[in-house]
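Everything on this sheet refers to the single structure shown next.
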Amino acid sequence: MPMRQVAISAALAGVFLAAIDQTVVLTAIPEMLQDVRVGLTQLDQASWIVTGYLLGYVSVLPLMGRLSDVYGRRSVFVAALAVFAAGSCACALATSLWWLVAARVCQAIGGGALLPVTFAFLADRVPAPKLPFWLGAAGAAAEAGGVLGPLYGAAIVEHLGWRWIFWINLPLALLIGMAFARSTVSPFALGVTTRRAVDYAGAALFALALAALTVGLSGSSDPTRSASPIELRRAIPLTAIALLALAAFIWRERRAVEPLLPLSLFRVRAFWAANAANALVGVALIAAMVDVPLFAATVLGRAPIDAGLALLRLTVCIPIGALAGGWLAGRLRWDIVALAGLLLAAAGFFLMHGWTLDVSDAGMTPGLVVAGLGFGLVIAPITSAVLSGAGAADRALSTALVTALRMTGMTVGLAALTSVAFFRFNQLVRGLALPLPSAGQSAAEAAQRLAAYEAGITRAGLEVFTEVFLIAGAVCLAAGAFALLLGRGRMG
């Protein structure tokens, strides 16, 4: 195999490995909590195992992208794998919940850098006509890892125990790192820019803004404190900190000699349009990821495994759509391919809006499949447009930013849509009287009143979920408006 193909294969394998670890813990959390001695009174803190990974993943993406642009793809890719492996080792050795959370943050800092560095590496090495396909392949590797993560984790927990989820990462990371380093010994992997400075102060401000927003908008797991899962006492001050940090970051970048994020990039239409579209994609995607299994479990009364399989019909189609989008983006206009994907995603949500209380698995499948293919289809054209708009000197930074904005869109979207859903649900059930027992009431009458109350709750749930799907479809259409601004472009 030619050395370039070895390097590309190793890079895609690294992206896949990091993506698996985003979701691998979802089926292992009960065993992990039991092993690190988390009591019943601390179960509400378990979400930090997932939130910690998201926090580390998002907050340092621009910095890692800039380091790659300055010091080269090979060194940053290998260093990111080393950080990922160190975090994995710390996870495997964890003896307390907060040790585990801190290790997950470390893991994510390394793992999160692999996708934007790989995008930039592909842009460095792949001829322009073939680049969209390989960008789609990288996106497919990331999405496929996320899909397979829960099943992979469940299999390891079943046969080896949860700590082996992380121990296995060490030899895999070593093999991938060696393959990438040995196949990129020529100067092509040593960087594409003459910049030798990194704006660490700007990186710290940007990380503070994203971290404060992520933590502030992460849901509270104690529903008894508020009708909404958003903890206002935490969300308001942390959101304010995020806005202040963002303002300070912009002020810093306007004056820095070597800014982390050159604000001039936002004068390029394709660049800002792609970032805006991807942020809205994150808003719509999280609506599906959260509400599809919840709909199946609460409204349809399906078992947890069946609720998960309902979502799998969507997520398994995203990597398929990503490969198709890469192939199409190499032959058609990027704006047309991205718009087609967003129209498909919107159509899927509108089909989901039509779900009823007696919808079957077969009836749910078309909307889920169409939405999944649509979400996958947009990856390559959006990434191609960002790379084209940024130019060679900012390749990894630009793909890191567009990835971070998608994750931020998911965080903000989850907070906003959940708040809307709770408000709407409370409106719908306000007129329902609790079926409290009364004197002289027969058992049959009590059962009838309870059944009517439960039916009213279920109807309210159906209306809320289908309205959220309708909103998500509208968000996809709004993203489509930005997609029209991507243009065809050319790689620099």
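Listing for the model above:
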item: So residue 280, is it assigned to a helix (DSSP H, G or I) and under 20 Å from the mean Cα position of the chain (by Cα); result: yes
item: Any chance residue 158 is assigned to a helix (DSSP H, G or I) and free of Cβ contacts under 8 Å to residues at least 24 places away in the same chain; result: yes
item: Unique match (being closer than 30 Å to residue 240 by Cβ and modelled with pLDDT of 90 or more) among 205, 213, 172; result: 205
item: Residues satisfying the stated conditions in region 81-93, i.e. in contact (Cβ under 8 Å) with a residue 60 or more places away in the chain and either buried (at least 21 other Cβ atoms within 10 Å of the Cβ) or closer than 15 Å to residue 118 by Cα (or both); result: 81, 84, 85, 88, 91
item: Filter pass, residue 190 being surrounded by fewer than 20 Cβ atoms within 10 Å (Cβ to Cβ), modelled with pLDDT of 85 or more and either in the same structural domain as residue 414 (by TED's automatic domain parsing) or out of contact with any Leu (no Cβ under 7 Å at 6 or more places or on another chain) (or both); result: no
item: Evaluation of residue 404 against (1) touching a Leu at 6+ places or on another chain (Cβ under 9 Å); (2) at pLDDT below 75; (3) not β-branched (Val, Ile, Thr) (one fails), failing number; result: (2)
item: Sole residue being more than 15 Å from the chain's Cα centre (by Cα), surrounded by fewer than 19 Cβ atoms within 10 Å (Cβ to Cβ), farther than 16 Å from residue 101 by Cβ and modelled with pLDDT under 85, chosen from 27, 41; result: 41
item: Residue identified as surrounded by 15 or more Cβ atoms within 10 Å (Cβ to Cβ), modelled with pLDDT under 85 and either on the phi > 0 side of the Ramachandran plot or not small (Gly, Ala, Ser) (or both) among 63, 54; result: 54
item: Residues being in a helix (DSSP H, G or I) and at pLDDT below 75 - total across region 218-245; result: 3
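So that you can scan it fast, the table gives a plain yes or no per residue for (1) at pLDDT 80 or above; (2) surrounded by 15 or more Cβ atoms within 10 Å (Cβ to Cβ); (3) touching a His at 6+ places or on another chain (Cβ under 8 Å); (4) not β-branched (Val, Ile, Thr):
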site: 448; (1), (2), (3), (4): no, no, no, yes
site: 452; (1), (2), (3), (4): no, no, no, yes
site: 456; (1), (2), (3), (4): no, yes, no, yes
site: 459; (1), (2), (3), (4): yes, yes, no, yes
site: 465; (1), (2), (3), (4): yes, yes, no, yes
site: 475; (1), (2), (3), (4): yes, yes, no, no
site: 485; (1), (2), (3), (4): yes, yes, no, yes
site: 488; (1), (2), (3), (4): no, yes, no, yes
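The values are calculated or read from the model by the stated rules, or taken from the named source; none is laboratory data. In this text the structure is predicted, and so the values were computed from the model without any measurement. FYI the Cβ positions are ideal-geometry reconstructions off the backbone, even for glycines, and counts take in every protein chain you see.
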